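**Q** Handing you this structure, nothing more for now.
The values are calculated or read from the model by the stated rules, or taken from the named source; none is laboratory data. Worth saying up front: this structure is predicted, and the values here are computed from it rather than measured. In this analysis, Cβ positions are derived from the backbone assuming ideal geometry, glycine residues included, and neighbour counts consider all displayed protein chains. Areas reflect the complete protein model, heavy atoms only, side chains present, ligands, DNA and RNA absent. Shrake-Rupley method; radii C 1.70, N 1.55, O 1.52, S 1.80 Å.
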Amino acid sequence: MREQFSKIGFVLAMAGSAVGLGNAWKFPTMVGTNGGSVFILLYLILTFLIAFMVFLGELSVGKITQKDAVNAFSDLAKSNKKAWGFAGFFMIGAILIVCFYSVVIGWILKYIYLSFFSLPKNTQEAGALFGNLISSDLISQIICFSIVFIMVFWVVSKGIKSGIEKMNVWMMPALFILLILMLLYSFTFDGFSKAFEFLFRPDFSVLITESKLNIPLILDALGLSFFSLSMGVCVVLTYAASLPENTNVIRSTLSIIFINILVGIMMGLIVFTFVFEYGANASEQGPGLIFVSLMSLFSNLGIVGNILAVAFFIALLFAGLTSAVSMIEPFAFYLINKFGISRKLALVYIGIFVYIMGVFCILGFNKDYSSYFTFFNKNLFDILDYLTSNILMPLSAIVTCIFVGFFVDINKLKNLFVPYMSEVGFNIWFVFIRFICPIVIAIIMINSL
Ligand code: PHE
């Protein structure tokens, strides 16, 4: 019997997985580069029309079977059981993500340390600091990555209840308190109203470019909604395998989505308040918005800036760690079941791979070694990011839709969902899962190639 979460433990752990660097870094950055509110509107629409539906599909596979991803797919398949089991190997995507994701959490750790002492005075200094960290400071990066690595694997080694659930039960509320305090503080700045306007007053002109619908904008919004809900790499499936009986799956899913959106918007308000207050660039790319723009703004506030920077990076650390933990569990759970090995041994195998790949990602940024880790003009970090977000996740979402829509006994799905969404709701969801979601995602994938 699979170890189970408590009801609130599941919502917190799944929200902990969803809320992560995606909300803190990808969300504000993409909103910034894509003109603000319209992007948020698109993100919201796609989250509810597509991501929500697919999320329920993935959840159903785990909840009904209570097995690891490979066994769950093969158990639930009406026919070709063995072949369907391969769909479970999308969980490897989560292992690939954790390799580069932990490197970013390592940078965050370094920035917590830095923020205690001195903050860069302007954007140039902040840019140089960040550039120097990733291009030549191997020692710091490896130390910070190693600390993150040990924390993450230690928590997963404790299992679902006393590791993952326990971590989320205190880190998620702590994250919320930190965010609320920072939000209240940003409220006292003039920049807040500009940030609010930027995020909530739609300017529909960005939707149309050269009198054509801006498709790339729509693609970005969908990709972000998958990544930020941790979908397509069997995390939802694996956590759902530990869902307690009689959980209202619809209410839980909506709570998770609500928390995820709320944190994204809170992060956006905080980041853009400071960006507008001190006139930095709202459309800064990549890690620049957080590690460069925001970092240089804090120094305007003197000692309060140091406190704020420490609080901000601790919040990011919590958000990142609770997500990283969720990426390892699917594969660990599979190895334990498949080979009958202990949790510790499974983690040793996974750990060796993640550690080596993580160090390779770090070397990929280093000025002396990057040439060895650069392929097709992209470094290893970017390759893993692209491969997982743009290829594996959407592909897995399509496979899940087809599987749930056509190869699972419909009565099993009805038993799970009808009590919480009524017969009519179920039929609507089923049309989405069978036709609308896979077709929309396929169009998006083809366009993004
Ligand atoms: N949802 C996490 C975030 O927003 C990332 C993640 C992706 C977590 C896939 C688990 C699996 O940062």
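Okay, residues lined up against (1) assigned to a helix (DSSP H, G or I); (2) touching a helix residue (DSSP H, G or I) at 6+ places or on another chain (Cβ under 6 Å); (3) in contact (Cβ under 8 Å) with a residue 40 or more places away in the chain; (4) of a type in the set (F, W, Y):
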{"position": "M182", "(1), (2), (3), (4)": "yes, yes, yes, no"}
{"position": "A195", "(1), (2), (3), (4)": "yes, yes, yes, no"}
{"position": "P202", "(1), (2), (3), (4)": "no, yes, yes, no"}
{"position": "F226", "(1), (2), (3), (4)": "yes, yes, yes, yes"}
{"position": "V233", "(1), (2), (3), (4)": "no, yes, yes, no"}
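**Q** Let me ask you something else. Only one of S74, S60, S17 is open to solvent by 10 Å² or more (accessible area, probe 1.4 Å) and either within 13 Å of the ligand (Cβ to nearest atom) or part of a helix (DSSP H, G or I) (or both); which?
**A** Going through S74, S60, S17 in turn, the sole match is S74.
**Q** From the list L294, L262, L254, L345, which residue is more than 16 Å from the ligand (Cβ to nearest atom), within 23 Å of the chain's Cα centre (by Cα) and open to solvent by 30 Å² or more (accessible area, probe 1.4 Å)?
**A** Going through L294, L262, L254, L345 in turn, the sole match is L254.
**Q** Restricting to the stretch 398-415, name every residue that is open to solvent by 40 Å² or more (accessible area, probe 1.4 Å), aromatic (F, W, Y) and part of a helix (DSSP H, G or I).
**A** The one that is open to solvent by 40 Å² or more (accessible area, probe 1.4 Å), aromatic (F, W, Y) and part of a helix (DSSP H, G or I): F406.
**Q** I would also like to ask the following. Please enumerate the residues belonging to the stretch 81-95 that are open to solvent by 40 Å² or more (accessible area, probe 1.4 Å) and either without any contact (Cβ under 8 Å) to a residue 24 or more places away in the chain or in contact with an Asp or Glu (Cβ under 8 Å, 6 or more places away or on another chain) (or both).
**A** K81, K82, A83, F86, F89, listed by residue number.
**Q** For the stretch 113-140, what are the residues that are assigned to a loop (DSSP other than H, G, I, E, B), touching a helix residue (DSSP H, G or I) at 6+ places or on another chain (Cβ under 6 Å) and open to solvent by 60 Å² or more (accessible area, probe 1.4 Å)?
**A** Result: K121, N122.
**Q** On to the next question. Based on what the data block shows, is S370 within 24 Å of S136 (Cβ to Cβ) and surrounded by fewer than 17 Cβ atoms within 10 Å (Cβ to Cβ)?
**A** yes
**Q** F227: more than 15 Å from the ligand (Cβ to nearest atom) and crowded, with 22+ Cβ neighbours inside 10 Å, yes or no?
**A** Spelling it out, it is not the case that F227 is more than 15 Å from the ligand (Cβ to nearest atom) and crowded, with 22+ Cβ neighbours inside 10 Å.
**Q** Quick check: is even one residue across the stretch 32-40 open to solvent by 20 Å² or more (accessible area, probe 1.4 Å) and within 16 Å of the ligand (Cβ to nearest atom)?
**A** Within the stretch 32-40, none of the residues are open to solvent by 20 Å² or more (accessible area, probe 1.4 Å) and within 16 Å of the ligand (Cβ to nearest atom).
**Q** Go over the candidates V354, V418 one by one and state the one that is more than 19 Å from A87 (Cα to Cα), open to solvent by 20 Å² or more (accessible area, probe 1.4 Å) and of a type in the set (V, I, T).
**A** V418
**Q** Which numbered condition in (1) open to solvent by less than 80 Å² (accessible area, probe 1.4 Å); (2) modelled with pLDDT under 90; (3) part of a helix (DSSP H, G or I) is the only one that L237 fails?
**A** (2)
**Q** Follow-up question, since we're still on this one. Of everything in the stretch 79-106 that's small (G, A, S) and within 16 Å of the ligand (Cβ to nearest atom), which residue is farthest from the chain's Cα centre (by Cα)?
**A** Filtering the stretch 79-106 for residues that are small (G, A, S) and within 16 Å of the ligand (Cβ to nearest atom), the one farthest from the chain's Cα centre (by Cα) comes out as G88.
**Q** May I ask you to say which residue of Y349, Y355, Y334 is among the aromatic types (F, W, Y), without any contact (Cβ under 8 Å) to a residue 60 or more places away in the chain and part of a helix (DSSP H, G or I)?
**A** Just a single option satisfies the conditions, and that option is Y349.
**Q** Does the stretch 372-392 include one or more residues that are more than 15 Å from L96 (Cβ to Cβ) and part of a helix (DSSP H, G or I)?
**A** Yes, some residue in the stretch 372-392 is more than 15 Å from L96 (Cβ to Cβ) and part of a helix (DSSP H, G or I).
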